[in-house]
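The next block holds one structure in the form of structure tokens; read it before the comments.
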Amino acid sequence: MANPLKQLAGETAIYGLSSILARILNFLFVPIYTRMLTQAQYGVVTEFMAYIAILQVVLVMGLETGSFRFANKEGVNPKTVYSNALMAVFGVNAAFLAVMIAFAGPIASALGYSGYESMIGYTAGILFCDSITAILFAKLRQEHKAVKFAVLKTVKILTETGSNLLLFFLYPAFAAKHPANLISGFVSPTPDFSYPIFAIFISCVVCLLLFLPDLLRFRFSFDKGVMKKMMLYSLPLMVAALPGIANDFLDRILFRYFDVSSEAWRASLGVYQAAVKLAVIMNLFIQMFRYAAEPFFFQRARDKGSKELYAIVMEFFTAFCGLVFLGVILYIDIISLFLGRDFRVGIGVVPIMLLSYMLLGMLFNVSMWYKLSEKTNMAIWITLIGLLVTAVVNIVFMPRYSYWASAFGHLASYLVMFIISAALGAKYYPIPYKWGNILLIFALMGIFYGAALLIRRAFPAAGINWLQIGINTLLILGYCACCLVLLRPRYRAIRG
């Protein structure tokens, strides 16, 4: 029999690779979007992606996780479980798709996109395809078909990438020569916000078509009893997941209503999203860490000294996040070239978003207490408080400070959730974190960042200051040396 831990580690790596590939390619498209789209056009893309992210959670109805739960229950046929899940998701999403298409005109007009009714259809189509494939991907995970899962995900990612490249670099010239071409009724002949959304739509359709052989072989059967139990279990999961996803994307939606100080809220949103994309470098590391850390924490939960180990992991994680923070900020002159010239005005929020994502990663670490102590219901209340903080900061300050309010809203929200979770963890599942070491790491980040700012003011230069870059490299090495001295005794403790 195969080693279950090796199987878990192998599958985690495979699942993680496809997710990380998607994030990397998404990041690499930022230079294209910010050079070939205007600030306002990129803002429109950002707005629609926020709608998609939130509606995905609603339209899957928690059945992705619910299917896992019931497919593993004794006496329940997994095929019946997935059959019920697919029929429920198909029914709800088909109805949603029909309504969106039927009322595309009024919806587009209400949002201020008259003449772009197709965007409403693409959004609904993306949600329809993604919701169905979410259940099918869950089935692959249930069956431990990690390779097939990763292959299909990769094909979807590459389809989106290829569609974007064709639309942005080849289609405008082709459309100029052949105005009445096959896709002229779907997208503009010149680059605009419809290109990225249409590329996602194409990738979702292709992904669903790749599952067609599985669907044709599938024998659908409806079990009212199983369906009722699944919905009673899954719908609360959907409700619980909503505050988290809303907390991540609410600020993008609020721009429409509260960014009244700027000339064009869509342009502000586009600038803000471009800056956020640079900070995603931190989020990418955290995502990679989560894929490895979550199973690691659960596997070690019963080991002697596990809590001490968790505390040490937290310190090393914080130190590495500090390195990522300094690496981005101290090389920001080079990294900012990823963005088109018109989008670099928002670079100032990058440090705030980097700190926000760093706190989010630390929140993941301290939040393991409710997963390990089986008090997951508390996660809902913690996230709701975070969502409330995000909403209040944006509603109160966005009218005056535009996207700066969004950045500080994330920072305040994650900080509040972190403090609450750490305090509750100390009560219900105490882990001996060395908060002094963690605060010292933050102090080191501040010292070396402050030193870089002082040197920049002392030796100002236009464009990329290579002397400054060289000095900043030495500062980063100095930070690494300080962290090594600080954490060496902790590393020795792990080795025993």
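Among the residues of segment 368-388, are any crowded, with 19+ Cβ neighbours inside 10 Å, closer than 19 Å to L242 by Cα and among the hydrophobic types (A, V, I, L, M, F, W, C)?
yes
If you check S406 against the conditions, is it closer than 26 Å to S367 by Cα, among the small types (G, A, S) and open to solvent by less than 30 Å² (accessible area, probe 1.4 Å)?
On the way: closer than 26 Å to S367 by Cα: yes; among the small types (G, A, S): yes; open to solvent by less than 30 Å² (accessible area, probe 1.4 Å): yes.
Here the answer is yes, as S406 does meet what is asked.
What pairs come out if I take residues in segment 113-138 that are at negative phi and pair them with residues that are open to solvent by 10 Å² or more (accessible area, probe 1.4 Å) and of a type in the set (D, E, K, R) whose C-beta lies under 7 Å away, six or more apart or interchain?
A134/E64; I135/E64; L136/D214; A138/E64
When only residues in segment 230-244 that are open to solvent by 40 Å² or more (accessible area, probe 1.4 Å) and within 21 Å of T390 (Cβ to Cβ) count, which is farthest from the chain's Cα centre (by Cα)?
By that ranking, first place goes to V239.
With the requirement that a residue be closer than 23 Å to F285 by Cβ and in contact (Cβ under 8 Å) with a residue 24 or more places away in the chain, what does segment 27-48 give you?
F27, F29, V30, P31, Y33, T34, T46
Does any residue of segment 348-366 turn out to be more than 21 Å from the chain's Cα centre (by Cα) and among the β-branched types (V, I, T)?
Checked against the condition, which is being more than 21 Å from the chain's Cα centre (by Cα) and among the β-branched types (V, I, T), segment 348-366 yields no hits at all.
Can you name the residue in segment 175-228 that is among the acidic types (D, E) and open to solvent by less than 50 Å² (accessible area, probe 1.4 Å) and is also nearest to Q39 (Cα to Cα) among such residues?
Residue satisfying both the conditions and the ranking: D192.
When you check G305 against the structure, is it at pLDDT below 85, open to solvent by 10 Å² or more (accessible area, probe 1.4 Å) and small (G, A, S), yes or no?
yes
Does Y122 count as open to solvent by 40 Å² or more (accessible area, probe 1.4 Å), closer than 30 Å to F255 by Cα and not hydrophobic (A, V, I, L, M, F, W, C)?
no
Residues are listed down the side, and each one gets a yes or a no for (1) within 21 Å of R490 (Cβ to Cβ); (2) surrounded by fewer than 17 Cβ atoms within 10 Å (Cβ to Cβ); (3) among the polar types (S, T, N, Q):
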site	(1), (2), (3)
T390	no, no, yes
P399	no, yes, no
L415	no, no, no
K427	no, yes, no
P432	yes, yes, no
F448	yes, no, no
N465	no, yes, yes
N472	no, no, yes
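Can you tell me which residues in segment 453-469 are part of a helix (DSSP H, G or I) and under 17 Å from S336 (Cα atoms)?
If the condition is that a residue be part of a helix (DSSP H, G or I) and under 17 Å from S336 (Cα atoms), then L453, R456, W466, Q468, I469 are the ones that fit.
Out of L158, L136, I need the residue that is open to solvent by 40 Å² or more (accessible area, probe 1.4 Å), under 23 Å from the mean Cα position of the chain (by Cα) and modelled with pLDDT of 90 or more. Which one?
It is L158.
Yes/no matrix, rows are residues, columns are (1) part of a loop (DSSP other than H, G, I, E, B); (2) under 20 Å from A241 (Cα atoms); (3) at pLDDT below 80:
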position: G16; (1), (2), (3): no, no, yes
position: L21; (1), (2), (3): no, no, no
position: Y42; (1), (2), (3): no, no, no
position: R69; (1), (2), (3): no, yes, yes
position: G91; (1), (2), (3): no, no, no
position: A94; (1), (2), (3): no, no, no
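Among the residues of segment 388-415 satisfying the criterion of being under 20 Å from the mean Cα position of the chain (by Cα) and of a type in the set (V, I, T), which is nearest to A50 (Cα to Cα)?
In this case the residue turns out to be T390.
All but one of (1) surrounded by 18 or more Cβ atoms within 10 Å (Cβ to Cβ); (2) farther than 20 Å from Y116 by Cα hold for N77; state the number of the condition that does not hold.
So N77 meets the others, but not (1).
The values are calculated or read from the model by the stated rules, or taken from the named source; none is laboratory data. Note that this is a predicted model, so its numbers are computed, not measured. Here Cβ is always computed from backbone atoms with ideal geometry, including for glycine, and neighbour counts include all displayed protein chains. Side chains included, ligands, DNA and RNA excluded: accessible areas come from the protein's heavy atoms. Shrake-Rupley method; radii C 1.70, N 1.55, O 1.52, S 1.80 Å.
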